Structures are given as structure tokens and as C-alpha cells.
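Bear in mind that the values in this text are calculations on the coordinates, not laboratory data. In this text, all values refer to a predicted model and were calculated from it rather than measured experimentally. Don't worry about glycine lacking a Cβ; one is built from the backbone with ideal geometry, like all the others, and counts go over all protein chains shown.
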Amino acid sequence: MIELYVLLVFMIIGAIIAIEMKDLLSAVIAVGAVGLGLSIVFLVLKAPDVAITQLVVEMLCLIILLRATLKKDLPFSTTGRWLLNTLITAGFIVVFLFVAIRAFKDLPEFGYPIMRVANIYLKEGLVKTGASNIVSSVILDFRAYDTLGETTVLFTAVIGVMAIVRRIGRKKKDEVVEEDDE
Amino acid sequence: MSKEHDKGMTLIVKVITRLTVGLILLYGIYIVLHGHISHGGGFAGGVIIALSFVNLMLAYGRDVALKKLPKSAMSFFVSAGALIFLGIALLGFSGGYFFLNFISKGEPFRLFSAGIIPLCNIAISLKVGAGLFAIFVVLVLLKFEWEKKE
């Protein structure tokens, strides 16, 4: 249990560093450290499927952040109205902490979940689906609708990115753009 | 994006990439195909497949990577993955309901078992791999107006 708290403190420190850094490269690397800590937390909590996915997606996000955005001078607005922003942020933190303390009292204890539906999956998953990886049998057999929705979301995201970022959509009114296939 | 990155990185990176990129791709395919036996699955394996192509593009420049997997092939794989997944789900109506596991379950802990789950994993990996690589390519090749004038 103690390693979990060490990792949590590490992640919180990494997140604060990522916010406070003026250098973009250091901030991106701090975000990567937070993701790595989260992946190790998943491993400690014995969820290797989620840990693999978290690690791999974190790497891809880091590469995209480094390669696609860092070389461009993106316009940032860092000045103005910091007092109002800080007050609003502090207010929301207080509200969310209050609600969270009230809500977490009713949750079951950590490590002892209420498993009414999941018990059936754990007992009959291997017999009913034939998959020895119980996570796979849940996401692709018992809860396949969720996976269908997730794939639809990803498909829509790919279409949206490719439609917005393509060159012909960003031309001016009278500008002639040759659509070279790069 | 600076100009020198169009042609890729130095010789050391190129040689190491040439040795390892096939292994990365193979590991992604392994994770996809064994998704119903051990940890992993279609999404994680697909992202690893995308990462192998990203590695190729970072090391060798965009021309080599886009020759291995052109944009038309990416569009084909993304659409094919989505349609195969939906088709498998619709084929369940032959036996009764949506997402029915209509292939025989087989023996557990074997590669050919669990009915439609490996097929769904393959479809998802095609879609995720090609789709995330397409997003990466599009975001990297994006140029703003003020960059072209330089």
C-alpha cells in the first residue's frame, strides 16, 4: 500500500512541475513522467491490461506532442485576469473537494468492491466465451456494445482530424492551392 | 517543422531503427493475436503497430514511411477495420442476436479459441493502428500560414 502513496505523490509533483515550467519541452517530459507513474500504479493494482494500454498511449501522445506541436510557435495567452482565474479555480477546488468527501463516504472500502454483476463474469467467463483473458472476454463479449461505441468514436475522430487539417480546407478565398499528395 | 527533419535523423538512429522496427511491428501483431489468451488486446496492439510506423517516420523522414503505408492504404485499413468489426457483430444475427459468439469456442488457452474475439481484436487493431498513424502524419505535416513564408 505504501508504494501506491509514493507513486501518487510522484505523480502530483510531476503534474505541478508540468504546469509551472516555462519551457515547453520540460513540461511535456513532466507530463510523460506522470503517465509512466500512472502505468506503474495500474501494475501495482494488478491490472496489466490497463497498464499496457496506458503506457503505449502515453508514448504515442508524447511523440505527437513533441513532434507536431513543439516546433511550431503556437500563440499562447499567458497574461491578464490571473486574479479572477485563480479565484475561480480555488472556488471549484473547494466545491469538488466538498462533494468528493460527501460522496466517497458511501463508496465501499478500497479493495473490497461490491461485485454483483462482475461475479457472474468471473465465474462463467471462461466457460461462456472460451477466452482465458477475462478482460478480453468482458470487453469483446459481455460488453461488446461499449467497444463498438469506442471504435465509432475513434473512427469519427480520425475522420474529423483528417477533414479539418487537410490543406484544401485552409486556403483563402482567391488562393489557388495545388493538392499535392503528401 | 524544421527542414532538416524531413530527411530523417543521423546514421546511428537509422541503423538502430532498421534493426528494431520489425521487432516492434512483430510484437504488436503478437499482442493482437494473443489478446484473448494473455494480456493486451486489439487496442494496445494496434497502438504498438502505429508506433512502429511512427518510429520509421521519425528516423527516415516522411517519404520512406509514407511509401511503406501510403495515405490511401491508411484510409482503406481504417474503413476496413470498422466495417469488419460491424460485420462480425451483424453476423451474430444468423444465430439470434447482435454480437452473438457464433463460432465454436474451442479449447481454452489455445490460439484458435474463443470464437469471434480474436477476429474482433484483429479488426480493432487494423483500425487503431492505421487511424492513429494517420492522425500523427496529418498533425506533423500540418503547416501554418506563417511557417510557409519563412
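Could you figure out which of (1) farther than 19 Å from residue B:136 by Cβ; (2) at the interface with chain A (Cβ under 8 Å from one of its Cβ atoms); (3) of a type outside the set (A, V, I, L, M); (4) touching a residue at least 40 places away in the same chain (Cβ under 8 Å) isn't true of residue B:99?
The failed condition is (4).
Out of curiosity, is residue B:27 part of a loop (DSSP other than H, G, I, E, B), closer than 29 Å to residue A:157 by Cα and among the hydroxyl-bearing types (Ser, Thr, Tyr)?
no
Applying the selection to region B:90-102, what residues are assigned to a loop (DSSP other than H, G, I, E, B) and surrounded by 14 or more Cβ atoms within 10 Å (Cβ to Cβ)?
Those that are assigned to a loop (DSSP other than H, G, I, E, B) and surrounded by 14 or more Cβ atoms within 10 Å (Cβ to Cβ): B:99, B:100, B:101, B:102.
Considering only helices (runs of 4 or more DSSP H) fully contained in region A:81-162, which possess at least 3 residues that are within 24 Å of the chain's Cα centre (by Cα) and surrounded by 10 or more Cβ atoms within 10 Å (Cβ to Cβ)?
Hits in region A:81-162: A:82-104, A:134-137.
If you go through region B:46-63 one residue at a time, do you hit one that is more than 11 Å from chain A (Cβ to nearest Cβ), over 25 Å from residue A:53 (Cα atoms) and of a type in the set (D, E, K, R)?
no
If the Cβ limit is 7 Å and pairs must be 6+ apart or interchain, which residue in region A:55-66 that is at the interface with chain B (Cβ under 7 Å from one of its Cβ atoms) and farther than 18 Å from residue B:45 by Cβ pairs with which residue that is part of a helix (DSSP H, G or I) and of a type in the set (A, V, I, L, M)?
What qualifies is A:64/B:139.
Among the residues of region B:71-82, is any of a type in the set (Phe, Trp, Tyr), outside any helix (DSSP H, G or I) and surrounded by fewer than 20 Cβ atoms within 10 Å (Cβ to Cβ)?
Scanning region B:71-82, I find no residue that is of a type in the set (Phe, Trp, Tyr), outside any helix (DSSP H, G or I) and surrounded by fewer than 20 Cβ atoms within 10 Å (Cβ to Cβ), so the answer is no.
In the list B:8, B:46, which residue meets the criterion of being in contact (Cβ under 8 Å) with a residue 40 or more places away in the chain, at negative phi and surrounded by 15 or more Cβ atoms within 10 Å (Cβ to Cβ)?
Going through B:8, B:46 in turn, just one is in contact (Cβ under 8 Å) with a residue 40 or more places away in the chain, at negative phi and surrounded by 15 or more Cβ atoms within 10 Å (Cβ to Cβ): B:46.
Those residues that are of a type in the set (Gly, Ala, Ser) and either touching a residue at least 24 places away in the same chain (Cβ under 8 Å) or more than 9 Å from chain B (Cβ to nearest Cβ) (or both), I need them from region A:137-161; list them, please.
A:149, A:160
On the basis of being crowded, with 17+ Cβ neighbours inside 10 Å, more than 19 Å from the chain's Cα centre (by Cα) and farther than 22 Å from residue B:8 by Cα, does residue B:87 make the cut?
no
Residues of region B:103-122 being surrounded by 13 or more Cβ atoms within 10 Å (Cβ to Cβ) and polar (S, T, N, Q), which ones?
Residues satisfying the conditions are B:113, B:121.
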